[in-house]
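The values are calculated or read from the model by the stated rules, or taken from the named source; none is laboratory data. Small disclaimer: the values here were computed from a predicted structure and weren't measured. Positions of Cβ are backbone-derived with ideal geometry, glycine not excepted, and every protein chain shown enters the neighbour counts. All accessible areas refer to the heavy atoms of the entire protein, side chains included, with ligands and DNA or RNA removed. Shrake-Rupley method; radii C 1.70, N 1.55, O 1.52, S 1.80 Å.
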Amino acid sequence: RFRGIAGSNILNMSILGLKKKQPKTFKVKVITMDAEMEFSCEVKWKGKDLFDLVCRTVGLRETWFFGLRYTVKDTYAWLKPEKKVLDQEVPKDSPITFHFLAKFFPEKVEEELVQEITQHLFFLQVKKQILDEEIFCSPEASVLLASYAVQAKYGDYDPNFHKPGFLAQDELLPKRVLMQYQMTADMWEEKITAWYAEHRGIARDEAEMEYLKIAQDLEMYGVSYFAITQNKRDTDLLLGVDAQGLHIYSPNSKLNPNKSFPWSGIRNISYSEKEFTIKPLDKKKDVFKFYSSQLRVNKLILQLCIGNHDLFMRRRKVDSIEVQQMKAQAKEEKARKKVRDGRPAGREGPDC
């Protein structure tokens, strides 16, 4: 009997011990461009732990382009990998919402985006930015892009199946383009379908890549814009940060920069309080200073500068073993898919 009681006490103590050891958790919702996921995270988790979990869940290996973005007061921020999630200025909601988005953009999509999932996420994000008019696109280019988006969604054009009105529920063109011309929805559909019919034989991943190849040449593609001043007399300007370097714009024009600093020509970017200093590699050229008043925005600018510069340097080195393996696997998979789909192995998309 005494043994039984003692055994029971030990068991109870063990259960209590287990309860104490169970880590506290918090809920997170992560929104990608085509899905929503919920995770239960441990309070000790750093940003990297959550980010790695999302990448594994999505099946993404080209992690260096992406980040977890969240809204903080009047701006947005990216989750820092080295700090605990709950130690950052994340929303105090439950679940905490993050958007899994491309943070950095490639210089040449066809060379750099290897995995099909990476290409697909970029395609969805860039398409949304064009439709939301965050990236300016001419009417002609908008129609061509729309035709590739239709090919990616519906496959080859079949006049017996794709009858007039089949695109009525699809958002395919920016509102600015729709309002620019006195054209009905049927007339726009006819123009898009004329291009769409030309894309016969192009698989979904190829259509998405053709879309991105056109989009990457748009002036606002991949650029993050920030309001800055050049001096304390408040001369309003815009700073653009992208894969190529830093660009200075007039506040009313995001298309043509007044001045550009390519990464290859920058010796150093320093930041102190609200002041940024760009020192050109050529010491004969003037140092450029600008001011940004919000600390959160300044940290974001600095993050994007460092990350874009790192990727710029990385592109100019030999691919890592991991990237070489990914490229070889992707090439083999594409060849297998073409054989499986009964398409010629050397099939290329039409010239744009």
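The residues of the stretch 66-76 that are aromatic (Phe, Trp, Tyr) and closer than 14 Å to Thr32 by Cα, listed by number, are Phe66, Tyr70. For Met183, indicate whether it is under 30 Å from His309 (Cβ atoms), surrounded by 13 or more Cβ atoms within 10 Å (Cβ to Cβ) and not aromatic (Phe, Trp, Tyr). No, not satisfied.
Give Tyr157, Tyr196 a once-over and let me know the one that is part of a loop (DSSP other than H, G, I, E, B), of a type in the set (Phe, Trp, Tyr), over 20 Å from Asp217 (Cα atoms) and not assigned by the TED database to the domain that holds Asp242. Steps first, answer last, please.
Numbers: Tyr196 fails: part of a loop (DSSP other than H, G, I, E, B).
Answer to the selection: Tyr157.
Of the residues screened, Lys285 is not one that is open to solvent by 60 Å² or more (accessible area, probe 1.4 Å), touching a residue at least 60 places away in the same chain (Cβ under 8 Å) and of a type in the set (Lys, Arg).
Candidates are the residues of the stretch 14-39 that are modelled with pLDDT under 95 and among the polar types (S, T, N, Q); the one that is least open to solvent (accessible area, probe 1.4 Å) is Ser14. Annotation note: Cβ proximity below 6 Å between a residue of the stretch 175-195 that is among the charged types (D, E, K, R) and a residue that is open to solvent by 70 Å² or more (accessible area, probe 1.4 Å) (sequence gap 6+ or interchain) occurs for Arg176/Glu133.
Which one of these is without any contact (Cβ under 8 Å) to a residue 12 or more places away in the chain and under 27 Å from the mean Cα position of the chain (by Cα): Asp217, Asp205?
Working: Asp205 fails: without any contact (Cβ under 8 Å) to a residue 12 or more places away in the chain.
It is Asp217.
Take Gln151 and tell me if it is among the polar types (S, T, N, Q) and under 28 Å from Arg340 (Cβ atoms). So Gln151 passes the test.
Residues in the stretch 303-329 that are touching a Phe, Trp or Tyr at 6+ places or on another chain (Cβ under 7 Å) and open to solvent by 50 Å² or more (accessible area, probe 1.4 Å): His309 alone.
Among the residues that make up the stretch 167-179, is at least one of them in a helix (DSSP H, G or I) and in contact with a helix residue (DSSP H, G or I) (Cβ under 8 Å, 6 or more places away or on another chain)? Yes - at least one qualifying residue is present in the stretch 167-179. If you go through the stretch 225-270 and keep only what is buried (at least 18 other Cβ atoms within 10 Å of the Cβ), part of a strand (DSSP E or B), in contact with a helix residue (DSSP H, G or I) (Cβ under 9 Å, 6 or more places away or on another chain) and not β-branched (Val, Ile, Thr), you end up with Phe226, Leu239, Gly245, Leu246. A Cβ distance below 9 Å, combined with a sequence gap of six or more or placement on separate chains, defines the contacts here; from the stretch 40-69, residues that are on the phi > 0 side of the Ramachandran plot reach residues that are polar (S, T, N, Q) and open to solvent by 20 Å² or more (accessible area, probe 1.4 Å) in the pairs Gly59/Gln115.
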